[in-house]
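Visitor: Here's a structure for you.
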Amino acid sequence: MSKTTGQPLDSETFSKYVTKAFRKTGVDARNHDLRAKFITKFIQQKIDNIIKEGSGWEAIDVDTILLEAAERLGHASIEYLRPYVVLERKRLLAKTPASKADSLDTEITAKKRRLQALTRQVREIELLREAAGKLTEGDRGGFIREVEELLRNMKAGEA
C-alpha cells in the first residue's frame, strides 16, 4: 500500500521497491527471482501436503494448484507456470528412489524378523510333536527329556 495514497502499489512501483531492497541488502536477484521462489515453494507445499495425506502423484490436480498460484501472482493464464510443475516432478523423482529404498529395507528387515520368529515356532511345534510321540509310545522318560529340551531351547531362543 502506498503511504501517501493508501492505494495498492502498481506492479512497476512494487518492482522498484523490491529491486532497491535487493541492492541495499547486497542480494544479487531480481523481482522475477522473488516471484519464481514464491511459486516454486507454493507448488512444493501444495504437492507435499497432498502426498503427506497418503495420496500419490496421480491424486494431484495440477491445474487447480496452478490456478490458485496464477491468482496469487496476478497471471491471466496458468500455462506460464507449468514449467514449475515440471521442476517439482523432477525434485520428487530425485528423492523418491532413496526413500523407497529405505522403506523397502525397513520392510525387508521386519519380514526377516517375522520369518525367524515363525521358524522358531515351527521348531517348537516339531519338538512338541516328538514329545507327544514319546508319550503316546508310553515312553514317559523320553517325553520328559523332549519337553526339557524344548524348554531349554526356548529359553536360549533356539527353538
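Visitor: Can you give me the angle between helix 31-52 and the longest principal axis of the chain, using Cα atoms only, in degrees from 0 to 90, rounded to the nearest 10?
Guide: Relative to the chain, helix 31-52 is tipped by roughly 30 degrees.
Visitor: What FRET efficiency comes out for the pair Tyr80/Ala117, r = Cβ-Cβ distance, R0 = 41 Å, nearest 0.05?
Guide: About 0.10, to the nearest 0.05.
Visitor: Turning to a different aspect of this structure: Using a 1.4 Å probe on the protein heavy atoms, what percent of the accessible area of the chain belongs to carbon and sulfur?
Guide: 55 percent
Visitor: Right, something else. Any chance you could give the angle, 0 to 90 degrees and rounded to 10, that helix 140-156 forms with the longest Cα principal axis of the chain?
Guide: 20 degrees
Visitor: May I pose another question? Counting only the heavy atoms of the protein chains, how much of Val147 is accessible to a 1.4 Å probe, in Å² to the nearest 10?
Guide: 40 Å²
Visitor: Per residue, how large is the accessible surface of the chain? Use a 1.4 angstrom probe and give square angstrom.
Guide: Averaged over the residues of the chain, the accessible area is 77 Å².
Visitor: Next up: Could you work out the local net charge near Glu130, counting Lys and Arg as +1, Asp and Glu as -1, over the other residues with Cβ closer than 13 Å to its Cβ? Working shown, then result.
Guide: Numbers: positive: Arg123, Arg129, Lys134, Arg145; negative: Glu124, Glu126, Glu137, Asp139, Glu146, Glu148, Glu149.
In short, -3.
Visitor: Tell me, what HN-Hα J-couplings in whole Hz come from the Karplus equation 6.51 cos²θ - 1.76 cosθ + 1.60 at θ = phi - 60° for each residue of the range 14-29, using x for Gly and Pro?
Guide: Result, rounded to whole Hz: 4, 4, 4, 4, 5, 4, 4, 5, 4, 4, 4, 8, x, 8, 8, 7.
Visitor: Want the number for Ile108 to Phe14: 0.36 nm per residue separation, take away the alpha-carbon distance, what's left?
Guide: 28.3 nm
Visitor: Suppose R0 equals 22 Å. What FRET efficiency, 1/(1 + (r/R0)^6) with r the Cβ-Cβ distance, do Arg23 and Leu87 give to the nearest 0.05?
Guide: In this case the efficiency is close to 0.20.
Visitor: Continuing with the same structure: Looking at the chain, which longest stretch skips every one of the GluC sites (Glu not before Pro) that is in a DSSP loop with at most 15 other Cβ atoms within 10 Å, leaving the sites themselves out?
Guide: Free of exposed loop sites, the longest segment is 54-136.
The values are calculated or read from the model by the stated rules, or taken from the named source; none is laboratory data. Just so we're clear, the structure is a prediction, and the values are computed from it rather than from any experiment. Using ideal geometry, Cβ is built from the backbone for each residue, glycine included, and neighbour counts are taken over all protein chains shown. Please note that ligands, DNA and RNA were not included when accessible areas were found on the heavy atoms of the full protein model with its side chains. Shrake-Rupley method; radii C 1.70, N 1.55, O 1.52, S 1.80 Å.
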